[in-house]
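J.: Quick one: the structure is below, and I'll ask about it shortly.
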Amino acid sequence: MSEILAVGMVLAVCALLLVGYPVALTLAGVSLLFAVAGSAAGVMSFALLGALPERIFGVMTNDVLLAIPLFIFMGVMLERSRIAEDLLETMARLFGALPGGLGFSVVLVGVLLAAAKGVVGATTVTMGLIVLPTMLRHGYDKALAAGTVAATATLAQIFPPATVLVLLGDQLSNSYQAAQLAKGNFAPQTVSVSDLFAGAIIPGLVLVALYLLYLTGVAIFFPKKSPAIAPDPTGPRGFALVRRLIAVLIAPIALIVAVLGSILGGIATPTEAASVGAVGAILLAMLRSGAAGLLMPVVLRTAQITSMIFLILIGATLFSLVFRGLGGDGMVERALTNLPGGVAGATLAVMAALFLLGFVMDAFEIIFVVVPIVAPVLLQMPGVDPVWLGIMMAVNLQTSYLHPPLGATLFYLRGVAPPEISTRHIYLGVIPYVLIQIAMLLALWFAPALATWLPHKLYGS
């Protein structure tokens, strides 16, 4: 009876999310209803919910999670200061004379935006508003332009300091310790957000290289889809253009290097580095146009996004508590360990489930709800590295965000795309990038060192 209730709770949450109910309230409300039902059926003690306040207090005092509002603040401040527009304009002047050059510029600027913002939705909206009209104005194929913008925006899911990686690192740290304790290791090793940041760098750079390779192929074989841009006779040229490029690049790159370098170098924790990033973003905005008028809107937007994330986390905490109280964690463990194919079969099943859930749930919800349930089971299995598992999950969710017909990035882009861009253009444009993402997942599957080599090199085992 308890396991039937556990399955029913998961199905009820998915059904209500599909209808469109708010995520955090759905998680909390469904959990409370099934807790009452479990208590009435005598398969769960309602007193178990007494642990909820302590868990919420633990979330609110978690030093790692303090990095979330700081990184969000940094991204919003850089967005509002319009640094991205300057970057795109200057990079387009530099590469635009080449066939496909504007596409290269979009990908390179998108990498910087992804590293600065760390949130897919914000990056998609920014690029959709700034980049897509520019590509169309210069004669780019509609599907190619839409696909390039959508795919580049999803790099915010994998490039440090992505918000997803911070949350995933925190959840995997708890899961890894729980897995080791379950195996009788009472001096468990830890996995940190810094490990995941280091593990994501090589896969992220490989993805960028594959995107650029694809755009190069299009420029060579289908030059009409990505034409060269006619030079602007009034714009800077030669050394003046290089000087302009350095002027707009040096500040955001220095900020990203300072944040990421301090984390990877062990100089600062992610939270400390995030505070440096937030202050640096304010200074950049002041140098550009003065931060006085920006500060209040940025603080309000940061508060909105942070509140959304933490409200989901509280709802997911209640969901996890009730799910475990109904014996759902034991059911999941038995299901995964009894799957044919052993470790590979269990991992593939989890990856398939995460991919499908990415159509109906946000990455934050999946990290808070699903990862704490499945990760401890997988990490107890032989040969499953926590950093590799985390990067596989991140790239998997990135692919799910991009995959037609329900990828979240496609809906974000549809909402801000010009009228001449249809849903069909977006779907056709992202298909090559989805294939690239799948190729990246296969590469990680067969070559785990892509994710584990750099963390082991920096921090040892």
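J.: Taking all protein chains as present, what is the carbon and sulfur share of the accessible area of the chain, in % to the nearest whole number, probe 1.4 Å? Show your work: numbers first, answer last.
T.: On the way: 13360 of 18860 Å².
Solvent-exposed carbon and sulfur of the chain make up 71 percent of the total.
J.: Fully extended, how many nm does the chain gain between A449 and V7 (0.36 nm per residue separation, minus their Cα-Cα distance)? Please report the intermediate quantities before stating the final value.
T.: Details: separation 442, 0.36 × 442 = 159.12 nm, distance 3.61 nm.
Contour length minus Cα-Cα distance gives 155.5 nm.
J.: Tell me the per residue accessible area of region 324-461 using a 1.4 Å probe; a whole number in Å² is fine.
T.: About 39 Å² of surface per residue is accessible.
J.: For region 1-66 and region 377-442, compute the distance between their C-alpha centroids and round to whole Å.
T.: 28
J.: How much FRET efficiency would the formula 1/(1 + (r/R0)^6) give for A97 and A247, where r is the Cβ-Cβ distance and R0 is 25 Å, rounded to 0.05? Could you put the intermediate results ahead of the total?
T.: On the way: r = 20 Å, r/R0 = 0.81.
So the FRET efficiency works out to roughly 0.80.
J.: Hey, another quick one. Report the percentage of all Cα-Cα pairs in region 315-448 whose separation exceeds 26 Å, rounded to a whole percent. All intermediate terms of the calculation are to be shown ahead of the outcome.
T.: Numbers: 2710 of 8911 pairs.
Above the 26 Å cut-off, region 315-448 has 30 percent of its Cα pairs.
J.: Taking a probe of 1.4 Å, how large is the accessible area per residue of region 1-135, in Å²?
T.: Accessible area per residue: 41 Å².
J.: Grab the beta carbon distance between A209 and K457, set R0 = 25 Å, and tell me the FRET efficiency rounded to 0.05.
T.: Computed FRET efficiency for A209 and K457 comes out at 0.80.
J.: What does the highest-first list of 342-354, 323-335 look like by mean Cβ count within 10 Å? Kindly include the intermediate steps, with their values, before the conclusion.
T.: On the way: 342-354: 16.9, 323-335: 18.8.
Order by mean packing, descending: 323-335, 342-354.
J.: Also, I was wondering about something else. Before rounding to the nearest 500, sum -39500 (n - 2.57) across all DSSP H runs of length at least 4 in the chain and divide by the residue total; then give [θ] at 222 nm in deg cm²/dmol.
T.: Calculated from helices alone, the mean residue ellipticity at 222 nm is -25500 deg cm²/dmol.
J.: For region 5-11, in order, what is each residue's ³J(HN,Hα) by Karplus, 6.51 cos²θ - 1.76 cosθ + 1.60 with θ = phi - 60°, in whole Hz (x at glycine and Pro)?
T.: 5, 4, 5, x, 5, 5, 5
J.: Also: Measure of size requested: the Rg and Dmax of the chain, with Cα atoms as the atom set and Å as the unit; please supply both.
T.: 22.7, 79
J.: Where does helix 83-95 land angle-wise versus the long Cα axis of the chain, in degrees 0 to 90, nearest 10?
T.: On a 0 to 90 degree scale, this one is about 50.
The values are calculated or read from the model by the stated rules, or taken from the named source; none is laboratory data. If you're wondering where the values come from, they're calculated on a predicted model, not measured in any experiment. All Cβ positions, even for glycine, are placed from backbone atoms using ideal geometry, and neighbour counts span all protein chains on display. Keep in mind that these areas ignore ligands, DNA and RNA; they rest on the heavy atoms of the full protein, side chains included. Shrake-Rupley method; radii C 1.70, N 1.55, O 1.52, S 1.80 Å.
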